[in-house]
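Data first, discussion second: the structure below is written as structure tokens.
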Amino acid sequence: MSVSATPGIDPVVVAPEARTDLVEYCRRRYTHCTVVSDERTWEVSGKVIAEALESAGVRVGTVLLSGDEVVADERFLTNGFVQASIDTDAFIAAGSGTITDITRFISHRMRRAFISAPTAASVDGYTSKGSPLVVRGVKKSIYSHAPEALFADSNVLRDAPHELTAAGFGDIIGKITSIADWRLGRLVWEEPYDEAIAERTLETVRQSVETRHGIGRGEEAGILTLMNALIESGLCMLDFGASRPASGAEHHISHFWEMQLLRYGKPGILHGAKVGVATVMVCRLYERVRSLDAAEVKRHLESTTPATFEEECSVIHSAYGALAGDVIEAHRPLLGLAGDVLDGIRERIVANWESIRTLADEVPSAETVRGYLRDAGAPTEPSEIGLSPELAQQGLLSGHFLRDRFTVAKLVRVLGLNPG
Ligand SMILES: [Zn+2]
């Protein structure tokens, strides 16, 4: 069991019967609460919370998002707003990542309290501030707010489908490359960086990796360790004020896949499952990076002609179709790198090559990371999550256009290496 208070989120409770604490928390503060859930999480958690609140004398509203697949997009957000009562004081997200993101956004825009009641150790976004939403088909992180309190019932987490827990492990494994990318971005693109937060984030990976066999066997202790790691990773984003610590090339690839599946009306894949698989691919890029010495890097830079703005826009058009305009707009600072900007990046790559190699050395091999994922019962290859080799490869080539961050996917492009 763990109960803690963090600035802004107080309390954070991960314990058996945490729902009792949730009800008591709400009873003391609010006269009307709205429970947000989907059909599955209503059955395993939302209903129990709603009934307990009513018994405690709190008026209760519900937002039930139904359908085969709930997506945090305009359609489900509108559906949520339509069901939300204007009289409510607080929204309780009784669900996993998507329900939480929808609730976070609705409660923020209605200026109501937001309480998180996670039903699975599946993502690290419970305690963060941004809402990852799909807007006009493009995955974006929209500013909203963190929950004021979090109550995760460990019995509910333990009984969640294993694929959700395995996805949570994949999301944590992604921090291996997101932190390496962050360190790279700091050296090459002068991105704001915080070493203490990077270390805290890596600690969540160490703890989860240590307990991966227990997670794979669905043991309560392993799942609680993972849940606490996911919460801590979210708090790192909150403390830094952006998702940078927790999201690098592996997340951009995952977002790219998600957008393509939506675009073609294909069933979605759990966020953390995609992130875990993408992390293995990004670890392979780091293997390439650390194999190069400074002389080879100079040779690559001298013999590479960078893509022009027009060439990159044409790549984006073929990868993103109708979504290209929004992607180009969001990615403008890093498109068609040329002149002083490119010279500056190249100079920093050469000047910092030993540091870049050192941070690449700290990234485990792709084979090691595959082993971690397998031990936790998580997918390791694109084919295991139903992705074609072409789509998997496209993620590696075009995912990095989604954010104006410098990652290892950018580095291999600047060096003129083939990422495949
Ligand atoms: Zn994630």
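The values are calculated or read from the model by the stated rules, or taken from the named source; none is laboratory data. Keep in mind it's a predicted model, so treat the numbers as computed, not measured. For neighbour counting, all protein chains shown are included, and Cβ atoms are generated from backbone atoms with ideal geometry for every residue, glycine included. SASA here: full protein model, heavy atoms, side chains in, ligands and nucleic acids out. Shrake-Rupley method; radii C 1.70, N 1.55, O 1.52, S 1.80 Å.
Checking segment 174-181 against the condition returns no match, with no residue being part of a helix (DSSP H, G or I), farther than 20 Å from ARG370 by Cα and touching a helix residue (DSSP H, G or I) at 6+ places or on another chain (Cβ under 7 Å). Restricting segment 233-268 to residues that are within 13 Å of the ligand (Cβ to nearest atom) and part of a loop (DSSP other than H, G, I, E, B), the residue that is most open to solvent (accessible area, probe 1.4 Å) is SER243. The criterion of being out of contact with any helix residue (DSSP H, G or I) (no Cβ under 9 Å at 6 or more places or on another chain) and buried (at least 24 other Cβ atoms within 10 Å of the Cβ) holds for SER107.
Count of segment 182-196 residues, restricted to those that are away from the ligand (no atom under 16 Å from the Cβ) and either closer than 25 Å to THR98 by Cα or not in a loop (DSSP other than H, G, I, E, B) (or both), is 8. When GLN207 is tested against the conditions (1) more than 25 Å from GLY130 (Cβ to Cβ); (2) within 20 Å of the chain's Cα centre (by Cα); (3) of a type outside the set (Val, Ile, Thr), the lone failure is (1).
Of all residues in segment 269-280, those satisfying the criterion of being open to solvent by less than 10 Å² (accessible area, probe 1.4 Å) and away from the ligand (no atom under 11 Å from the Cβ) are VAL277, VAL280. Name the residues in segment 13-39 that are buried (at least 16 other Cβ atoms within 10 Å of the Cβ) and either among the small types (Gly, Ala, Ser) or free of Cβ contacts under 8 Å to residues at least 12 places away in the same chain (or both), would you? Passing the criteria: ALA15, ALA18, SER37.
Where strands (runs of 3 or more DSSP E) fall entirely within segment 78-152, those with at least 1 residues that are more than 16 Å from the ligand (Cβ to nearest atom) and modelled with pLDDT of 95 or more are at 90-95, 113-118. Every listed requirement among (1) within 16 Å of the ligand (Cβ to nearest atom); (2) open to solvent by 10 Å² or more (accessible area, probe 1.4 Å) is met by ARG290 save one, (1). From (1) modelled with pLDDT of 95 or more; (2) surrounded by 22 or more Cβ atoms within 10 Å (Cβ to Cβ), pick out the condition that doesn't hold for VAL70. Every listed condition holds for VAL70 apart from (1). Answer yes or no as to whether ALA167 is touching a residue at least 12 places away in the same chain (Cβ under 8 Å) and within 16 Å of the ligand (Cβ to nearest atom). The answer is yes for ALA167.
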